[in-house]
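Trainee: After the structure tokens below, expect a handful of questions from me.
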Amino acid sequence: MIRMSATDVARNFSSVINRVGAGEEVEIVRNGAPVAELRAPSAPCGLSSTEWRALIASLPAVDDEFARDVEAARSAVGPPTGKWRRS
């Protein structure tokens, strides 16, 4: 595991991420004290392309009845009645 200051990690973030992606682990320190560790995830996130295609293939086909249901739902909701809320 390599040690890097938080400042060095921030300045070289892309390079640090590339190193982590290649299997290195990085301990991030601030004022000499460890504050975080970077490492590759233990399990991949999301679906593979094969799993995605299988999921899409398993969905029911879209038909005219579906399109009518969507239009009915849009009509039931109606147009927006006010401005977007601002934070």
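The values are calculated or read from the model by the stated rules, or taken from the named source; none is laboratory data. On a predicted model such as this, the values are computed, not experimentally measured, just so you know. Don't worry about glycine lacking a Cβ; one is built from the backbone with ideal geometry, like all the others, and counts go over all protein chains shown.
Trainee: Report whether or not Gly21 is under 30 Å from Arg3 (Cβ atoms) and more than 27 Å from the chain's Cα centre (by Cα).
Mentor: The answer is no for Gly21.
Trainee: Right, another one. What pairs can you find where one residue is in region 44-66 and modelled with pLDDT under 90, the other is surrounded by 10 or more Cβ atoms within 10 Å (Cβ to Cβ), and their Cβ atoms are less than 7 Å apart, with a gap of 6+ or different chains?
Mentor: Leu47/Leu55
Trainee: Turning to a different aspect of this structure: If you scan region 38-69, which residues turn out to be loosely packed, with under 11 Cβ neighbours inside 10 Å and not in a helix (DSSP H, G or I)?
Mentor: Selection gives Pro41, Ser42, Ala43, Pro44, Cys45, Gly46, Ser48, Leu59, Pro60, Ala61, Val62, Asp63.
Trainee: Which one of these is among the hydrophobic types (A, V, I, L, M, F, W, C) and over 23 Å from the mean Cα position of the chain (by Cα): Trp52, Trp84?
Mentor: Details: Trp52 fails: over 23 Å from the mean Cα position of the chain (by Cα).
That would be Trp84, the only listed residue that is among the hydrophobic types (A, V, I, L, M, F, W, C) and over 23 Å from the mean Cα position of the chain (by Cα).
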